[in-house]
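For reference, the structure is listed below as structure tokens.
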Amino acid sequence: MSFSVLQLFPSEVLIRYGAKLNFLIRNSHQWWRFVTPMFLHVNLVHVMVNMYSLWVVGPYVEKLYGSAKFVVFWVFTGVCAVLASYFTVTAAAANWGPLGRFLFRVEDAPSAGASGALFGLVGILFVFGIKFRHELPEGFKRAFGTGLLPMIFLNLFIGYVGRGFIDNAAHLGGLVSGALIALVVDYRRPDERMATAVVWRVLQVAAIALVAIGFLQVVRHFHDPLPTALTEESQASPLIDGNGQKFVAWAQAMNDAQDALSLSLNDGDISKTDNAIKELESAPSLDPKANELRDRLRVILTNAKSLKLSRAAPQERAAPNQELERFVAGYEEWKKEYGAWLKTTGRSYGLVEMDQPQALPK
């Protein structure tokens, strides 16, 4: 297998080296995938950006809390970030709007990177600046605490724009866990007791051991077969192929189409409808039922536009006519079939069970 480090590493490579994949954690009990992803990156640019961020932020945390606490903080917030990513993969997100899918994801795609732990360090410095604001020099007050809010909001905005590719749940999981640990842990004071220092050294060794054991498990299971996507109508095919993530692209097109439909019905905004239709037309082929659902959703989007449902805000629309009622009934029927597919064939792609579909907004 050949690839350029300037491009995304194939998903198979990331999975074999320990990236988070819910399917393997849930079905094969590969718990170490809660630890190892924070040390993996999807390409050379990714690792360079994160290591530069660590070089900027890391020394502050290490000087304030000491090297032992720094190691514990890094591993703890990194694991919390992966846990947040794990628990926010749900097929129910297919029916949620853009804000819902900022945090939750439909596709069980490989996830890797140190960003969650980096957000954890930012959360630590944010709480530190507020908690000890009366002890800090003026310059430190501007750098920490509320001075970090612009950077936090900027990164959350970037995450919202790139929500189809950025694991925002991991970022927020790291940020919140870092803030919580800074609430209960004091910074390293000159008169720190020896017993306290010894406890943190023990925790540091335990954190390093956890990482080492995690990667030993990666080596042990390196050549295990990868999960396969089993469809009802076709032969078994790899969940991840060497050329990219076919299912992720399909799911993204379905998500974007439902986002566009939600904007059309709720906000009278059809600006994303045409792009969503084009994205569905170019979405990859999975299995016959998935293709049928994709094509029917494209027709639903087209009909919503032709009905001009989005021309008025919901409170300004007239009473539903027969054409509108047929449209609503057709969409509700599609959602039931889509939910049934996610609960059956969709599970073979690594999806968790879907909640009951939400009612169509009126």
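The values are calculated or read from the model by the stated rules, or taken from the named source; none is laboratory data. Because the structure is a prediction, the values reported are computed rather than measured. Cβ coordinates were reconstructed from backbone atoms using ideal geometry, including for glycine residues, and neighbour counts include every protein chain displayed.
Within the bounds of region 184-198, is there any residue that is closer than 24 Å to Phe126 by Cα, over 22 Å from the mean Cα position of the chain (by Cα) and small (Gly, Ala, Ser)? Yes, the conditions are met somewhere in region 184-198. Taking the conditions exactly as written (more than 22 Å from Asp224 (Cα to Cα), within 19 Å of the chain's Cα centre (by Cα), surrounded by fewer than 23 Cβ atoms within 10 Å (Cβ to Cβ) and of a type in the set (Ser, Thr, Tyr)), does Thr77 satisfy them or not? When the stated conditions are applied, Thr77 does not pass them. Look at (1) assigned by TED's automatic domain parsing to the domain that holds Trp74; (2) modelled with pLDDT of 75 or more; (3) not small (Gly, Ala, Ser) and you find that Pro225 fails only one, number (1).
Among the numbered criteria (1) more than 18 Å from Thr88 (Cβ to Cβ); (2) in contact with a strand residue (DSSP E or B) (Cβ under 8 Å, 6 or more places away or on another chain), which one does Asp167 miss? Checking Asp167 against (1) more than 18 Å from Thr88 (Cβ to Cβ); (2) in contact with a strand residue (DSSP E or B) (Cβ under 8 Å, 6 or more places away or on another chain), the one that fails is (1). Of the numbered criteria (1) among the basic types (Lys, Arg); (2) modelled with pLDDT under 80; (3) surrounded by fewer than 18 Cβ atoms within 10 Å (Cβ to Cβ), the one Lys278 fails is (2).
Among Gly66, Gly58, which is in contact with a Lys or Arg (Cβ under 6 Å, 6 or more places away or on another chain), under 29 Å from Asp186 (Cα atoms), at pLDDT 90 or above and surrounded by fewer than 22 Cβ atoms within 10 Å (Cβ to Cβ)? Reasoning before the result, please.
Details: Gly58 fails: in contact with a Lys or Arg (Cβ under 6 Å, 6 or more places away or on another chain).
After ruling out the rest, the residue left standing is Gly66.
Every condition in (1) at pLDDT 80 or above; (2) surrounded by 13 or more Cβ atoms within 10 Å (Cβ to Cβ); (3) not assigned by TED's automatic domain parsing to the domain that holds Pro110 is met by Ile208 except one, and the failing one is (3). Would you check if Glu232 is at pLDDT 80 or above and not hydrophobic (A, V, I, L, M, F, W, C)? Here the answer is no, as Glu232 does not meet what is asked.
Against the conditions (1) touching a helix residue (DSSP H, G or I) at 6+ places or on another chain (Cβ under 7 Å); (2) at pLDDT 80 or above; (3) in a helix (DSSP H, G or I), Phe153 satisfies every one except (1).
I'm trying to understand the selection: among the residues of region 211-228, which are in a helix (DSSP H, G or I) and out of contact with any Phe, Trp or Tyr (no Cβ under 9 Å at 6 or more places or on another chain)? Talk me through it step by step, then tell me what you get.
Applying the first criterion (in a helix (DSSP H, G or I)) to region 211-228 yields 211-220.
Matches in region 211-228: Ala212, Val219, Arg220.
Only one of Arg298, Arg311, Arg326, Arg317 is among the charged types (D, E, K, R), at pLDDT 80 or above and outside the structural domain of Asn22 (by TED's automatic domain parsing); which? Sole residue among the options that is among the charged types (D, E, K, R), at pLDDT 80 or above and outside the structural domain of Asn22 (by TED's automatic domain parsing): Arg298. Among the residues of region 288-301, the ones that are over 13 Å from Tyr331 (Cα atoms) and surrounded by 19 or more Cβ atoms within 10 Å (Cβ to Cβ) come to 1 in all.
Check whether at least one residue in region 119-129 is at pLDDT below 75 and not assigned by TED's automatic domain parsing to the domain that holds Trp250, and report yes or no. No.
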